[in-house]
Every structure is written in structure tokens, then in C-alpha cells.
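The values are calculated or read from the model by the stated rules, or taken from the named source; none is laboratory data. Please read these numbers as outputs of a predicted model, since none were measured by experiment. Note that we place each Cβ from the backbone using ideal geometry, even for glycine, and neighbour counts take in every protein chain shown.
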Amino acid sequence: MSVPMLELDKVTIKFGGLTAVCELDLRIGERELVGLIGPNGAGKTTAFNLITGVYQPTSGNIALCGENTVGIKPHVLSLRGISRTFQNIRLFASMSVLDNVRTAMQGNRAQRVSDALWRGRAFRESEARVEHEALELLKIFNLDRFAEADGKSLPYGDQRRLEIVRALATKPKLLLLDEPAAGMNPTEKEQLMELIRFVKDKFRIAVLLVEHDMKVVMGICERIYVLDYGRKIAEGTPEQIRCDPKVIAAYLGTEDEDDA
Amino acid sequence: MRGKEKIFLLVAIAAAVGLSMASSIFNRYYLGIAVDVGINIILAVSLNLINGHTGQFSLGHAGFMAVGGYTAAKLTLVFGASVPPAMQPLLFLAAILLGGTVAAVAGLAVGIPSLRLRGDYLAIVTLGFGEIIRVIFQTSEFFGAATGLTGITKMTTLGWAWAFAAITVYVVACIVNSTYGRGFIAVHDDEIAASAMGINPTRYKVTAFVIGAFFAGIAGALYAHHKLVLKPDGFDFVKSIEIVVMVILGGMGRTAGVILAAIILTILPELLRPVAEYRMIIYSLLIIALMLTRPQGLFTFGKKGAVK
Amino acid sequence: MDWFLQQLINGLALGAIYALIALGYTMVYGVLRFINFAHSDVLMLGAFAAFYITPKITPVLGPQSVPTAMLVIVLSAVICAAIGMTIEFLAYRPLRSRPRLTVLITAIGVSLFIEFAGQHEKVFGAATKSFPTLLPKREIVVGALHISSNDLVVLVLTGVLLFAMWFIVQRTKIGMAMRAVSFNEGAAALMGVNVNRIISFTFGLGSALAAIAGIFYAMRAPGIEPLMGVQPGLRAFIAAVLGGIGNLPGAALGGIVLGLVETFFGGMPGLSNYRDGIAFAILILILLFRPAGLLGKLQTEKV
């Protein structure tokens, strides 16, 4: 394997006395769909925040396509190709669905200030291009009919999908999804699994997925990392993880605990 | 229609200058108020960029106004006599632009440290900066200390004030109503999500402060050459609040609403002249009532950032 | 050395006043997460309450006596506590669920209202009035030091009040409720705390302290007028931020530090003009380099 898309090397982060993530090694290759699971509080979202630059590790290295990302601000990392969704949906509440996507495109430098001021041909062209691309993207996910609607007026499942569309608008190489299935019913979860597979293939990106729903994780992930109390306790294919005693113990407790 | 914004701007400026030249037919008193309205529109729209669109709660806007006003006034006081009458307008333009630029620098100085602060804290720091600026002018002999600057030449006419008001509205509206402008609103709505989507919150916040301060400085320059006397007290915290109220009344972030609010809040005190002694009391009750009943502002038509 | 000690005493007295006011700001911020801009005006109301009450009391208890002073202070404090609670009930409570900025602006409105109403002829009038002497003013001379008896009274009483505050907050049930509400309002309510009552109480307590501080301030200042609360209020707020907003010992510490710094600056030739600016400079420095304040803890946002 050549240089991995994302590599975490003994990444540790401490918040005061609490070690949220401890010596985490993680590797994601191009176009891999990798899962990150673990009981609540295991450090999964913290890992996301480390990867996206919201937190800085206390020690250890993180590299995207071989280039170090520690100390780089989140918006710069977005330009470098990392995008994400959030555990509690973070749409831009006062904007329309279309504008949410437009913003992400501006994050990717779609338009210059000077053009916006001069309002000449360059401006009209960039506006048209952005709107066209945004609508095309929304169309793929069947959200284009909501283009002018308020983002927060959408049904919950559509809001989650909008967040994914928005994240894709930054043209990422690596997409981080933070509990995208939360609050969905089984049918929606099936659709989500389809969606994630589709996104990975059509946009040719790597995906790192944090999820609690085992069916979703086992169903689509090629490889899985398991965290418990900030440490990696297992790594492997879904079959390997399913049978791993350490993983079972972390989620269900050991036999002794049952008797207590 | 192609380029409708630019056409609108040119028409507005032409109208302003035209009215100004015919101004001798108007009542001087009303003319003065009209100039005040123009200046307040500049102040309100520029603050709206910072407070309304970008969501940075700034309570020190009067400070930027002071910087612009004092700078411009000093320039014309020093050089006014040596410039021939034909060149006076040019001198005035230079003074206005200089005032705006120095105010923009002040905006940079205030904006950068304020970046990591939120809500209450940001309000207090900007208040503090506004007060520091006031104290600096109050203790500076160069700027007349507590007595301030007097004997400023009357140069602000209806044309100047309204032309710049049109320019301010144009610039702010164009910047915000664009794909680029989504960044400001994104920073306001959710800074962390904006960051994750590639929007640099720092850049947008500082840009808002600098542009807002620039136009506040211009307003200050126009103000100085309209009132002819500049005292540090005139740029205190209460003045900043007056501008903030215009932005709130107009519905934070709605340019059209803010313009309307600026007009109303400039004319209202004049209408209240018969009860002038109750003016500020009514004003403060208005603020309380507004917050209790309709905090989103009185003019909530149009989407955030939409102009007309 | 003498100059230093003289400034020290003056600075401590001023600092004590700032500390009392700062406590009010910090207590309200603790339970409501908002800065009560109108707090500075309660200070003024306390001084004016004393101004109007004193002439009514002196015929009975005698002028410039300890009983008079005590009664005036207590009555003013009670009146202002009531005023503070009323303001909370009318202007802030309806906005409990709104964004913090809305309440902030309302507070500004309330503050302006009190100030401008106070300036009206029919209320207090804008002119400066001479504050009645509550206690006989004696100057205690120790070597080259001149200590005003008023300053001593301020220092001693503030010490007592600070101790009382500490005791209330740390050792009583209602204090525990206050702390619970400041940590987590929802959880406190679930534990049976009457949040509204606690918030009212906090406002009352803070306002009472402000009123007393206002009286102390008036004792040292030449006169009182409706806008007298603005500057000390702003300084005390800065002191609260300096100590760590929401942190009670921090407020007291911040107040004393600011009082000392201001007094020393004011006493130095050449720099005295900048005395007003020094407080704001401190504010900006603190918020830039240590926004949590000297004793506070920074709250991070959960992503």
C-alpha cells in the first residue's frame, strides 16, 4: 500500500487529568470505508475532532496523504480534503438548503470578494456555476426540490442527508461521518447504508464512520477499529470484530460482571 | 437586468447630488435632519455587517466613528486654508477617505483580539475599546482634549451624505448577497460547522470589523463637517447603543430593515422635541419594550442579507 | 514609603467598594450567565435612598451617629434589594429562554431608563447633591499617614460583608442552592430547587451589596448624581472579569487589585490622566491573555 490517506500515529490527548484518547494508531487507505466503534465515552468523537483539527493532540502524529496535519486549523484541513458531519446536526440555521451547500463551496474558494463587489461578468458566472453545481449535488440526493426551503424545516432524516451533501460540496478526499444513523428507523438506516456505499463509490472518497448501530457498521464497513476508554482494543474485518472477546467484553461486560 | 446593482448605485448618487444642488429651496432645518439620516444609515448598515450578518456583538462602533471624524477634521483644519476653493471638495474627499482608512485600521486593532470571544465578553471588550478610544481623544492635546475640535468647515451636504450612504449600502449588500457572503452568515450561525466546511472564521470576522469600521469612520468624517464641533463625549457608549438599537430595530441582518430603522430613529427624536426632556426615557423604554415583545426587530421582511 | 502606604490604604478602600459591586455582577452571572448592566444604577439608587432617608432618621436617632448610619445603610440595602428583585421579575425573567444577547440589551435599556429618569427634574434632577454625613469624620494620623475614619469603616464593614457572603454561599442551604443553579439550572430544578426563588434572592443580595457600596462610594466622593454609578460600575465589572466572572472570591480579589492599581496610577504624576483608561486596558489585556480571569476556569464548547 502506498501512502495511506489518513494515518494516526500514537495519538494521545489529555484534558487536564482525563486522557480521552491514548496512543491511538489508525490507518485509512484511499477509498476505504472504515468504521470506528466503541461504547459511549470511548473517545470516538474526540478522535474525529483530532483528525479535523478542532483539538490538538497532546502527543503523536496525524498525517493526511503523508503530510502532517497537527496544528493546522480546521478550515485549512477542509481545503486539504477532510470533511465531516456532526453528531448533533449542525446545519446553518438561518440559510436555505441551497445556501448551506453554497457555503461549503465557498469554503472551497468558489468566488472572490472583488468579483462580488464589482458585480461584473465574473460574478455572474461564478454565481451561476455555484448554483448549478449545488443543485446538481442536491439532485443526486433527491433534495433539490427543497433548495429554497429553510434547512431546519426539513424532516430529520433529510437534514442528516443535507449535512452529508454539504460535506461533499467541499470536494473532500476523506469524509468523516459522526453517527449518521442516529434517530433513524430501520428503513431509513437501510437507505443510509445504500447512500454511504453510493457516496464512496461515486465520489471516490475514503469514509470514516462512527456509529452505534452494529447492523449499519457490520453491513458496510470494510474494516473496523474498536475503542474503549480512549484506547484501541481491536482492529479488523467485521467478522473478526464480531467474534473478538475483548470487544464483546467492552460492550456487554464479562461473565463475572453478569453475576454481580 | 444586468448590473442592476451598479445602476441603482449610480442613480442614487446622481439623485443625491442633484437634490443637494437644488437644496437651497429646502428648509435648512429639514435639510440638516436629512443629512443626519444619511449619516445614520451609514452607521447602521456598517454596524449591521458586524452585528447582524456576522453575529459579532460590537458595542464600540462610536469609537470608530470618532476615529474617522477626528482624523478627517484635523486634516481639513490643518490644510483647509492652504487649499484653493476649487480644490476644497477634493480635500474633503481625501479627508473622508483618510478618516475611513484610519478607522479601518482601528477596526483591525479591535477585531483581531476580539476573535476568540463570544457574546457577552465580546460586547464588553468592544465597549472597552470604544471607551479607550474616547479617553485617548479626551487626553490628547493634538485633538483638543476635553474641549475637542472646533471651527470645522461646513462641508457635508445632502449630496455627500446620501452619496456615501448609497455607496455603503451597495458595498455591504453586494458583499453579503453573494456566495462569498454566505461565509459571514455561516460564521454567525455555527462557527464550528463553518470551519469544517472550509470557511475561515477569523478572516470573515476581521473583514466584517474592518469594513464596518471603515464606513463608520466615513460617517464620522461626514458628521464632523456637519456639526462643526467634535467633542469626545459625543462618541461615548450611549452613542454606540443608539446605533445598536437601529440594527436591532431593523432586525439584525436585514439591510432594508436596518435602513428603515435608521431613518425612523433619526426622525423620531425630532418629532419628540416637544417632550425633549422625556426623549431618552422614552428611548430606553422603547429598547426594553422591543426586547420583551419583538426581539427579532420590527422589520422582518426578506431573508437575511436581502436588500430590496 | 509613606506615599506607598498612603496609596495602599486609599487603594484598599476603593478596592473594597469595587469588590462589593463586583460580587453582585459575578453572582448574577453565576446563576443567569448574563451581565446585568443595570447593576451600576442600583449603586446610585442606594446612595440616593440614603440621601432621602437620612434626614428622616436624624431627628430621631441623632445626626452623625452610629445607629443612624446603621439604620440608613440597612434600609437603603433593603429598598435596593427590592428594586433589584423587581427589575429581575419584570424585565429579565420573561426573557429567560431567549438568547443571552437579548437580555443584555434589555439590561442596557433598564440601565439607561434609570439613569435618564433619575436625571429628570421630577425625580432626582441632574444636579449634583451633597451627600449627608453619616458618621463623624475623623482623621487618624499615624506618622505621616492620614487615614480617614470613613475609609476604616469601609474596610471593616466590607470585610464583614465579604465574610457574610462567603458564609451564606458556602455554609447555608440557600447558598448551596445558588451554587447548584449556577452549575446546572436544569439539574437543580430537578433536585427540588425553586430556581426562580433562588435567582430572585441572588438579585436581591447583589443589589443590597451594590446599595451599600453606593453609600460607601458617596461617603468618599464629593456628591451624588444620577450618573454616578456608571464609572464605578464599569470598573467593578472589569474587576469581576479580572477575578474570573462567576467566581466570588475572584470578584473580591479583582476589586481589590483594581482599586489598588487605579489608586497607585492616580497618585503618580504624569500618569494620572490615564487613570480612567487603565481599567479598560486591564480589561482588554485580561480578555486577551487570560479570559477566564485570575481565578476562573475557561468553559470550552463541546463539539
Does residue C:56 satisfy the condition of being away from chain B (no Cβ under 14 Å) and among the basic types (Lys, Arg)? yes
Residues of the range A:33-61 being surrounded by 23 or more Cβ atoms within 10 Å (Cβ to Cβ) and aliphatic (A, V, I, L, M), in sequence order, are A:36, A:37, A:42, A:47, A:50, A:51
Among helices (runs of 4 or more DSSP H) entirely within the range A:21-138, at least 3 residues that are away from chain B (no Cβ under 11 Å) occur in A:44-51
Considering residues that are hydrophobic (A, V, I, L, M, F, W, C), within 30 Å of residue B:206 (Cβ to Cβ) and surrounded by fewer than 21 Cβ atoms within 10 Å (Cβ to Cβ), the number found within the range B:85-105 is 5
Do we find that residue C:115 is assigned to a helix (DSSP H, G or I), more than 20 Å from residue B:245 (Cβ to Cβ) and out of contact with any Gly (no Cβ under 7 Å at 6 or more places or on another chain) in this structure?
no
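Taking helices (runs of 4 or more DSSP H) that do not extend beyond the range B:1-81, which have at least 1 residues that are closer than 17 Å to residue B:239 by Cβ, modelled with pLDDT of 90 or more and not hydroxyl-bearing (Ser, Thr, Tyr)?
Of the helices (runs of 4 or more DSSP H) lying wholly inside the range B:1-81, those with at least 1 residues that are closer than 17 Å to residue B:239 by Cβ, modelled with pLDDT of 90 or more and not hydroxyl-bearing (Ser, Thr, Tyr) span B:28-48, B:61-79.
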Every listed condition ((1) within 14 Å of chain A (Cβ to nearest Cβ); (2) closer than 19 Å to residue B:165 by Cα) holds for residue B:90 save (1)
If we ask which residues in the range B:164-214 are touching a Phe, Trp or Tyr at 6+ places or on another chain (Cβ under 8 Å), touching a residue at least 24 places away in the same chain (Cβ under 8 Å) and over 20 Å from residue B:101 (Cα atoms), their number turns out to be 5
Considering only helices (runs of 4 or more DSSP H) wholly within the range B:167-242, the ones with at least 3 residues that are closer than 23 Å to residue B:59 by Cα and at the interface with chain A (Cβ under 7 Å from one of its Cβ atoms) are B:182-189
ask   = Does the range B:85-100 contain at least one residue that is in contact (Cβ under 8 Å) with a residue 12 or more places away in the chain, within 30 Å of residue C:104 (Cβ to Cβ), part of a helix (DSSP H, G or I) and touching an Asp or Glu at 6+ places or on another chain (Cβ under 7 Å)?
value = no
Filter the range C:232-253 for residues that are of a type outside the set (A, V, I, L, M), within 14 Å of another protein chain (Cβ to nearest Cβ) and more than 12 Å from the chain's Cα centre (by Cα); the one that is farthest from residue C:292 (Cα to Cα) is C:246
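With A:211, A:179 as the choices, which residue is at positive phi, under 15 Å from the mean Cα position of the chain (by Cα) and surrounded by 18 or more Cβ atoms within 10 Å (Cβ to Cβ)?
A:179
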Condition set surrounded by fewer than 24 Cβ atoms within 10 Å (Cβ to Cβ) and in contact with a Ser or Thr (Cβ under 6 Å, 6 or more places away or on another chain), scope the range C:213-229, selection nearest to the other protein chains (Cβ to nearest Cβ): answer is C:225
Checking C:285, C:253, C:260, C:294 in turn, the sole residue that is modelled with pLDDT of 75 or more and under 13 Å from residue B:128 (Cβ atoms) turns out to be C:285
Taking the range A:5-63 and keeping residues in contact with a Gly (Cβ under 9 Å, 6 or more places away or on another chain), among the hydrophobic types (A, V, I, L, M, F, W, C) and closer than 22 Å to residue A:197 by Cα leaves A:5, A:6
It is to be established whether one or more residues within the range B:102-116 are under 30 Å from residue B:54 (Cα atoms), within 14 Å of chain C (Cβ to nearest Cβ) and part of a loop (DSSP other than H, G, I, E, B).
yes
Suppose the filter is within 13 Å of another protein chain (Cβ to nearest Cβ) and in a helix (DSSP H, G or I); does residue B:266 pass it? no
- Query: Does the range C:169-183 contain at least one residue that is among the β-branched types (Val, Ile, Thr) and within 14 Å of chain B (Cβ to nearest Cβ)?
  - Reply: no
Of those in the range B:130-148 that are at the interface with chain C (Cβ under 7 Å from one of its Cβ atoms) and closer than 26 Å to residue C:35 by Cβ, the residue nearest to the chain's Cα centre (by Cα) is B:131
So, residue A:102, is that one on the phi < 0 side of the Ramachandran plot, buried (at least 21 other Cβ atoms within 10 Å of the Cβ) and among the basic types (Lys, Arg) or not? yes
Before we move on, is residue C:271 in contact with a Pro (Cβ under 9 Å, 6 or more places away or on another chain), modelled with pLDDT under 75 and either surrounded by fewer than 19 Cβ atoms within 10 Å (Cβ to Cβ) or within 11 Å of another protein chain (Cβ to nearest Cβ) (or both)? no
The residue from C:203, C:216 that alone is among the aromatic types (Phe, Trp, Tyr), closer than 12 Å to residue C:73 by Cα and out of contact with any strand residue (DSSP E or B) (no Cβ under 8 Å at 6 or more places or on another chain) is C:216
- Query: Within the range C:189-205, is even one residue within 30 Å of residue B:237 (Cα to Cα) and within 14 Å of another protein chain (Cβ to nearest Cβ)?
  - Reply: no
Of the listed residues (B:184, B:142), the one being out of contact with any Pro (no Cβ under 6 Å at 6 or more places or on another chain) and either of a type in the set (Asp, Glu) or closer than 29 Å to residue A:117 by Cβ (or both) is B:184
Requiring at least 3 residues that are in contact (Cβ under 8 Å) with a residue 40 or more places away in the chain, the helices (runs of 4 or more DSSP H) wholly within the range C:149-210 are C:149-171, C:173-183
Being of a type outside the set (Ser, Thr, Tyr) and either closer than 20 Å to residue C:44 by Cα or surrounded by 24 or more Cβ atoms within 10 Å (Cβ to Cβ) (or both) narrows C:189, C:177, C:240 down to just C:240
If you go through A:187, A:170, the only one that is surrounded by 21 or more Cβ atoms within 10 Å (Cβ to Cβ) and among the polar types (S, T, N, Q) is A:170
Wholly inside the range A:145-260, helices (runs of 4 or more DSSP H) that include 3 or more residues that are over 21 Å from residue A:27 (Cβ atoms) are A:156-168, A:186-203, A:214-220, A:245-252, A:255-259
In the set C:141, C:110, C:156, the lone residue that is over 19 Å from residue C:228 (Cβ atoms) and modelled with pLDDT of 85 or more is C:156
